[in-house]
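Have a look at the structure below, then the notes.
Every number in this text was worked out from the coordinates using simple rules, so none of it is lab data. No experiment lies behind these values; they were computed from the predicted model shown. In this analysis, Cβ positions are derived from the backbone assuming ideal geometry, glycine residues included, and neighbour counts consider all displayed protein chains.
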Amino acid sequence: MRHPHTRTTRRRVVGALIAGVLSTAGLAAPAAADGPTGPAAPADGLALTPPMGFNNWNSTHCGADFDETMVEGIADLFVAKGLKDAGYRYVNLDDCWALPSRDADGKLVPDPARFPHGIKAVADYVHAKGLKLGIYTSAGTKTCNDAGFPGALGHEYSDARQFADWGVDYLKYDNCNNQGVDAKQRYLTMRDALRATGRPIVYSICEWGENKPWEWASDVGQLWRTTGDISDSWGSMLSILKQNLPLAPYAGPGHWNDPDMLEVGNGGMTDTEYRTHFSMWSMMAAPLLIGTDLRKASPATFDILDNKEVIAVDQDPLGKQGTVLSSAGGRWVVTKELKDGSRAVALFNESGAPQRIATTARAAGLPDAPAYTLRDLWGHKSYNTAGTLSAVVPAHGTVLFRVTADRHWAAHPPAVELGLDGGRFIEPGSRAALTTSVTGLGRTTAREVSVTLTGPHGWTVSPTSPARTPALPTGRALHTGWRVTPPPGTPKGSYDLALTARYRSPSGASAVSTTTVTTTVADPPPAGTSYLSDLPWLSADNGWGPVERDTSNGETAAGDGHPITIGGVVYAKGLGAHAPSQVDYYTGKACEKVTAEVGVDDEEGAAGSVSFEIWADGTKIASTGVLTTDMAAQPLTADVTGAEVVSLVVTDGGNGVTSDHGDWAEARITC
C-alpha cells in the first residue's frame with residue numbers, strides 16, 4: 001500500500017478525492033475524453049518477455065540531475081557497459097519532465113530547462129543507439145509530484161498522439177489525483193488511445209495494485225504494478241516481494257506482475273541484499289528497470305545488473321513466474337519452470353543469520369534421473385548432484401541455481417555444501433570457536449578434500465581439528481574446528497571470512513568451492529536496566545525511512561520524526577518504526593527481560609494497524625494482537641534469558657503497510 005502522507009515521494013500519495021471535481025473541470029464522464037472510445041485491435045507482440053531498462057525516479061526524483069544529459073548518458077552507458085547486450089532496452093523518463101501547464105492548444109510542454117531540445121530529440125538519440133524511450137504521466141488531473149504537473153485524465157487521445165509523434169515506446173501511467181474515476185475505465189481509455197496512434201507502445205499500469213489489476217488488466221496493458229512504491233531498504237523490498245510472490249498465476253508473455261523498479265546500487269542495502277533483490281525479481285519474471293544513476297554506479301552494481309545468467313531466468317520465453325515451495329523459518333525455496341525443461345531454484349534466507357536451506361530436484365519439478373547438472377548462477381560454475389539442492393545461505397542472501405536433468409552431469413565435478421556453526425559473534429578481547437563443514441552432494445565422490453578459512457588482515461585463524469579428508473561420498477561431511485581471534489582494538493562491526501574447499505573429481509580435475517561467512521565484533525550489553533534507544537543495535541530494517549531513536553518514524557530522512565505519542569500519551573524514550581520492521585540487539589546470553597509500551601503512533605490518523613513481536617535467537621517469544629491507531633499503548637514483556645540476539649519486530653497487521661507507524665515506547669532491557 002501507499003505511504004499516506006509523503007507527497008515528495010510521489011506515488012505514495014494520492015491527492016484527496018474531491019467529489020464533483022470532474023464535472024467542474026469539464027470531465028464529467030469518461031466520454032469527455034478527446035477522441036473516440038472503444039477497443040482497438042490488440043497490440044500483438046509487445047513485452048513477450050518482461051521489459052528491461054532504466055527509470056530515473058529512484059535515484060533522482062525531481063532533482064536537478066534529471067535532464068536530457070542524464071537520459072542520453074544512460075543510453076551511452078547501456079551500450080558502453082554491455083547492458084544493451086544483456087537485454088536492457090528502455091530508457092524511461094519519470095515525473096517532472098513537463099511544464100506545470102499545458103499550452104494554449106492543450107498540449108503537454110517539455111520543461112525547456114530539463115529538455116531544451118524536446119522529447120523527440122531525446123527519443124531520436126536513444127533510438128540511434130538501438131534503444132527505446134519511455135515516458136510517464138498519470139491517470140488523473142495531475143501527476144504525483146507536489147508541483148502538480150498535468151495528468152492525462154480527459155486528455156488521453158491528445159497525449160497519446162503526442163507521445164507517439166515524439167517516438168515514445170513505453171508509457172508508465174500512474175494513479176494520482178484520479179478524482180475517484182473507476183480505475184478500469186481510466187486505464188482502458190488510455191489503452192484505446194495508445195492503440196489508436198498505431199505505434200507499438202508498451203503500456204505500464206501503475207495503479208499500485210489497489211484494484212487488483214492482475215484480475216482484469218491482461219488485455220489492457222503489458223504490465224501492472226502489484227504494490228505501493230519500493231524504497232531502498234531491506235524491509236521495503238522484502239514486503240513487496242511477499243506481496244508479489246502469490247500472484248504467479250497471472251503472469252505470462254505480454255502480461256507481467258510488476259513489483260516496482262530495482263533499487264540495486266542506490267546504497268540503502270548491502271550487495272548481498274541487492275543480489276537477493278535482483279535474483280528474486282528475476283525469479284518472479286518481473287520487469288527489470290534499473291533505478292540507480294549508472295553514471296555513479298560501482299563495479300559491484302554493474303556486476304549484479306549485468307549477470308546474464310540471472311537475466312536469462314527473468315527473460316525465459318516460457319514466461320512463468322516462480323512459485324514458492326516452502327518458507328518455514330525464513331528459509332524460502334522458490335522454483336521456476338524454464339522453457340528448456342530445466343528449473344531455476346532460489347534458496348533465499350530472509351533471516352538475519354546464516355541458515356541451511358535445502359530441497360530436491362524432484363521437489364523442484366524435475367523428473368527422476370541418476371543425477372543432475374547444478375549451475376550456480378552467481379558463482380558461474382557447474383556441478384553434479386545426486387538430487388539434493390542445498391546451501392548454507394548468508395543472512396539476507398540468495399543462492400540461485402539452474403538445475404537440469406541431462407546425461408552430461410558426469411562432466412562436472414561433484415557439488416559440495418559449505419557450512420558454519422558458531423562463531424557468529426566475538427566480543428572485543430576474546431576469541432571465537434567455530435566449526436566448518438563440507439558435505440558431499442554429488443553423485444560422484446569428491447576426493448582429496450581440503451578446507452581453509454581465511455580472516456581479515458591481522459586476524460589469527462587456526463584449525464583445531466583435521467582440515468582434510470581423502471574422500472567425501474554423497475551425504476558424508478568433513479567437520480573442522482577453528483579458533484578465530486581478531487587483533488586487539490578491532491573496531492566493532494561485521495567482518496567476512498572466506499571458507500574454501502578444494503577437491504578433485506573422479507576424473508582427476510580440480511574443483512574449488514568458496515563461500516563467505518560473517519562474524520560480528522560486538523560489545524557485551526551493559527549490566528542493569530537500559531533503554532534500548534540508548535544502546536547500539538546490530539541492524540535495523542524498516543519499511544519506510546530509518547528506525548528513529550526517541551521519536552516517531554516520521555518520513556524518509558533520519559531525525560524527521562515527532563514525539564512518540566500513543567493514545568494521546570507522549571513518551572520521552574523509545575523507538576519509532578514502520579512495518580515491516582526488525583531491530584536486532586546483541587545480548588550475549590547475558591540478559592533476562594525486555595519490556596515496552598507498544599502501539600500505533602497518533603501521527604497516523606485512523607489508518608494504521610500493526611502487531612509487535614519479540615524474538616530470541618530466531619524464535620518468537622512474545623507478541624501482541626493487531627493494534628490500531630485508536631488504541632492505547634499495550635504492555636509487552638518477554639523473558640530473553642540465554643538469548644544471544646534479541647529482535648524487535650513490527651508486522652503490518654495483515655492489511656498492508658499504510659500508516660503503520662509502530663512505537664516501542666519506554667523499551668527497556670535488563671541484563
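Structure notes:
- Model label sites at MET631 and ARG468, defined 7 Å from Cα along the beta-carbon direction, differ in position by 6.2 nm.
- Legend note: in the chain, cysteines whose Cβ sits 4.7 Å or more from every other cysteine Cβ are CYS206.
- Mean silhouette area of the range 252-377, derived from the convex hull of its C-alpha atoms and averaged over all directions, reads 8.5 nm².
- Inter-label distance, nm, simple model (7 Å from Cα along the C-beta direction), HIS457/ALA104: 6.9
- Calculated FRET efficiency for the pair TYR531/SER623, C-beta based, R₀ 25 Å, to 0.05: 0.70
- The chain, helix-only ellipticity at 222 nm - DSSP H runs n ≥ 4, -39,500 (n - 2.57), divided by all residues, nearest 500: -4000 deg cm²/dmol
- The slack in the chain from VAL569 to ALA411, taken as 0.36 nm per residue of separation less the alpha-carbon distance, amounts to 50.0 nm.
- 0 to 90° range, to nearest 10: angle between helix 183-197 axis and the chain longest Cα axis: 70
- Treating r as the C-beta distance of ALA121 and LEU48 and R0 as 45 Å, the FRET efficiency rounds to 0.95.
- At 1.002 mPa s and 20 °C, Stokes D of the chain from Kirkwood alpha-carbon radius, µm² per second: 80
- Per residue, the convex hull spanned by the Cα atoms of the range 383-516 amounts to 103 cubic angstrom.
- Length added when fully stretched, SER351-ARG431, from 0.36 nm per residue minus Cα-Cα: 26.3 nm
- Of all lysines in the structure, those lying under 19 Å Cα to Cα from LYS620, and not within fewer than 8 positions of it along the same chain, are LYS589, LYS593.
- A simple packing score, the average count of other Cβ atoms within 10 Å per residue, orders the peptides 140-146, 436-442 as 436-442, 140-146, with the highest score first.
- Full extension of the chain segment joining GLU210 with ALA363 gains 51.7 nm, where the gain is 0.36 nm per residue of separation less the Cα-Cα distance.
- 0 to 90° range, to nearest 10: angle between helix 68-80 axis and the chain longest Cα axis: 50
- Stokes-Einstein translational diffusion, the range 48-321 - Kirkwood Rh over all Cα pairs, 0.890 mPa s, 25 °C, in µm²/s: 133
- Residues listed by number, the range 50-78, amide nitrogen under 16 Å from LYS339 label point at 7 Å toward C-beta: 50-52
- FRET efficiency for the SER510 to ALA477 pair, using the beta carbon distance and R₀ = 25 Å, is estimated at 0.75.
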